[in-house]
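Just below is one structure, and these are the notes that go with it.
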Number of protein chains: 2
Amino acid sequence: MKQLLAVDWGTSSLRGALLDNDGKVLKERSFERGILTVPPGEFATVFEASFGHWMGATGTFCLISGMAGSKQGWLEAPYCACPAGFDEVASQLAWVRAGRIAIVPGLSCEREGIPDVMRGEETQVFGALQLLGLQDGLLVLPGTHSKWVWVRSGRVESFSTFMTGEFYALLRQHSILARTLPEADAEVDWDIFDEGVALALRGGSLLQTAFSVRSLSLFGRMAAAGLPSYLSGLVIGEEIRTQQLPAGTPLVLVGSDSLTRRYERALGQRSAQVQCAGAEASWRGLWALAQTIHPHWDA
Amino acid sequence: MKQLLAVDWGTSSLRGALLDNDGKVLKERSFERGILTVPPGEFATVFEASFGHWMGATGTFCLISGMAGSKQGWLEAPYCACPAGFDEVASQLAWVRAGRIAIVPGLSCEREGIPDVMRGEETQVFGALQLLGLQDGLLVLPGTHSKWVWVRSGRVESFSTFMTGEFYALLRQHSILARTLPEADAEVDWDIFDEGVALALRGGSLLQTAFSVRSLSLFGRMAAAGLPSYLSGLVIGEEIRTQQLPAGTPLVLVGSDSLTRRYERALGQRSAQVQCAGAEASWRGLWALAQTIHPHWDA
């Protein structure tokens, strides 16, 4: 029996799943061992400690996506230039151990003279396309650095990055607004979230709208408990405002439920219909890539 | 002889100047005693230690602008609602000591249901108008929280706040970009600054353009030493992009040379002509306000 150990090794976490030959997830584990916690030269040790027992099985092949393929990672897997599909990515794996462990390259693209990059999201994109049976679409992967990815005929044509999650965290934790916001985020207050989205969609810039968190609070117009929802609406609304939403092309959200729900709600203000794919997109993408490199997997 | 002790007591610094009856600055001092460093109830003590010897002179009157008039300050001076001019501000001083020490109220305004506030900048605006002999204009006060202030017939009609300086500092110090940027800012590289402004003026959002700091560096397209200039251009360009620049109305920059030079340069990409006023605008504004409250000053 052949098995795939699918690993998503990012900046802040290390997740792995064991998949059978049909792509079914047999077990999953995650560790707080993002690449930032791993000293140079220690990647093999951390990998062994985390997943060594899963690799023991004969015929287990491991495919890793994410920042483990960056310069600061286990082994650099140079970016694949867009447009790029499955085949390009599968043919440019960085082999840590011939036939056993490989790292998926990230993608790069260039728009108006400015380069952009992703690592890990390409695998989620390929997985989501498979899960939803799509060949074309605009895929949105919300997160610390959100990606908007244009796919045609199964290949990534272009994409762009928005530092939305990081801006939220910066404003939440380090800005003057931190003094006004409550210590912990409560449940999302959807009405207040909508207000933030609506203001951001009207135009302008987050440089200005962010200050309304302070001024609304100062005049007692918004309770402190609602401010995180409002700020979340402001940053997500700002990200969505700048997008040209394609008519007749599927719009797909890929990510955790808690984030995709916010984006789906915000996109509703622009009357956009969405499909969703969850965290399983990574596993599906890695499994699909593994299928295309059978010669190695069979080795 | 009557003298004015003009004080600008902000969040992070305390500055004062002694002015003669003609508005001439006789001496100046500044202290790292912004209101954030002053425990509640200690404002009088800090004031006395800093400027007590200047207040000793018979007939010295002290007028204070800035965050000293906020809830967290020495004595709250409630906001004056816009439109507001000299007379409204002068008639709503908060008196710390009758006839001797007063705090200038800030301004508030409301646009599309969102309130906005300033404290201290109103005084700079009035001072700059006096210095330049203007009654109308769009005044721009760059800073941690930049203000764009519309003035007609000597009265502030409306204004809006942009957290530009704070966003720069957040990205510079706390974001993923901090890893790429050099420790200290060198001299501004104007060509690179211009590139940042140009990208920001093209449209989009800082959420996206900020990521180019990382990607340009990753591909070796921009040297680390130039990145702070580029990021500065991005944030200032973003602020300027959202403005409707009035034809036929004077555009006035008020602030330190180092900041106003950047804004003047960036506004040049939108073919805007500017006039400038420096830090002396605060002293001039306080002096002009003091003139309108002579009855108290003479007391």
* **Hey, B:Ser229 within 20 Å of B:Glu166 (Cβ to Cβ) and either hydroxyl-bearing (Ser, Thr, Tyr) or touching a residue at least 60 places away in the same chain (Cβ under 8 Å) (or both) or not** => yes
Checklist entry - Right, B:Val46: closer than 20 Å to B:Arg100 by Cα and either touching a helix residue (DSSP H, G or I) at 6+ places or on another chain (Cβ under 9 Å) or polar (S, T, N, Q) (or both) or not? => result yes
Q. Would you say A:Thr123 is part of a helix (DSSP H, G or I), assigned by TED's automatic domain parsing to the domain that holds A:Ala17 and not charged (D, E, K, R)?
A. yes
For segment A:199-216, the count of residues that are within 28 Å of the chain's Cα centre (by Cα), facing chain B (nearest Cβ under 10 Å) and surrounded by fewer than 21 Cβ atoms within 10 Å (Cβ to Cβ) equals 3
Every listed condition ((1) over 30 Å from A:Glu88 (Cα atoms); (2) in contact with a helix residue (DSSP H, G or I) (Cβ under 8 Å, 6 or more places away or on another chain); (3) of a type outside the set (Gly, Ala, Ser)) holds for A:Lys147 save (1)
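Taking B:Gly203, is it of a type outside the set (A, V, I, L, M, F, W, C) and at positive phi?
Working: of a type outside the set (A, V, I, L, M, F, W, C): yes; at positive phi: yes.
Yes; evaluated as a whole, the condition is true for this residue.
Select from segment A:132-156 the residues that are assigned to a loop (DSSP other than H, G, I, E, B) and closer than 20 Å to A:Thr242 by Cα and list them in ascending order. Walk me through how you get there before you give the answer.
Start the filter on segment A:132-156 by keeping residues that are assigned to a loop (DSSP other than H, G, I, E, B), which leaves A:133-136, A:142-145, A:153-154.
Of everything in segment A:132-156, those that are assigned to a loop (DSSP other than H, G, I, E, B) and closer than 20 Å to A:Thr242 by Cα turn out to be A:Pro142, A:Gly143, A:Thr144, A:His145.
If you scan segment A:49-69, which residues turn out to be among the polar types (S, T, N, Q) and modelled with pLDDT of 95 or more?
So in segment A:49-69, the residues among the polar types (S, T, N, Q) come out as A:50, A:58, A:60, A:65.
Selection gives A:Ser50, A:Ser65.
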Of (1) over 25 Å from B:Arg202 (Cα atoms); (2) more than 13 Å from every other protein chain (Cβ to nearest Cβ), A:Phe219 fails just (2)
Does B:Phe159 satisfy the condition of being touching a residue at least 24 places away in the same chain (Cβ under 8 Å) and in a helix (DSSP H, G or I)?
no
Got at least one residue in segment A:164-182 being away from chain B (no Cβ under 14 Å) and closer than 26 Å to B:His145 by Cβ? yes
Exercise for the section: Please work out if A:Ala186 is facing chain B (nearest Cβ under 7 Å), in contact (Cβ under 8 Å) with a residue 24 or more places away in the chain and either under 27 Å from B:Leu201 (Cα atoms) or not acidic (Asp, Glu) (or both). Expected result: no
Review point. Can we say A:Gln173 is in the same structural domain as A:Val252 (by TED's automatic domain parsing), in a helix (DSSP H, G or I), within 23 Å of the chain's Cα centre (by Cα) and not charged (D, E, K, R)?
Key: yes
Within segment A:257-267, identify whether any single residue is among the aliphatic types (A, V, I, L, M) and closer than 25 Å to A:Arg29 by Cα, and answer yes or no. yes
From the option list A:Ala184, A:Ala178, single residue qualifying as part of a helix (DSSP H, G or I) and at negative phi is A:Ala178
Counting only residues in segment B:145-163 that are among the hydroxyl-bearing types (Ser, Thr, Tyr) and within 14 Å of another protein chain (Cβ to nearest Cβ), the one nearest to B:Leu231 (Cα to Cα) is identified as B:Ser146
Exercise for review: Go through the residues of segment A:238-254 one by one and say whether even a single one is surrounded by 15 or more Cβ atoms within 10 Å (Cβ to Cβ) and among the small types (Gly, Ala, Ser).
Suggested key: no
**OP:** Answer yes or no: is there a residue in segment B:32-48 that is touching a strand residue (DSSP E or B) at 6+ places or on another chain (Cβ under 6 Å), at pLDDT 95 or above and not basic (Lys, Arg).
**Re:** no
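Where in segment A:190-274 are the helices (runs of 4 or more DSSP H), entirely inside, with at least 1 residues that are β-branched (Val, Ile, Thr) and closer than 28 Å to A:Asp136 by Cα?
Details: elements: A:190-201, A:206-209, A:211-218, A:227-241, A:257-268.
Counting at least 1 such residues, we get A:190-201, A:227-241, A:257-268.
The values are calculated or read from the model by the stated rules, or taken from the named source; none is laboratory data. All values reported here derive from a predicted model rather than from experimental measurement. Because the Cβ atoms are built from the backbone with ideal geometry, glycine has one as well, and the counts that use them run over all protein chains shown.
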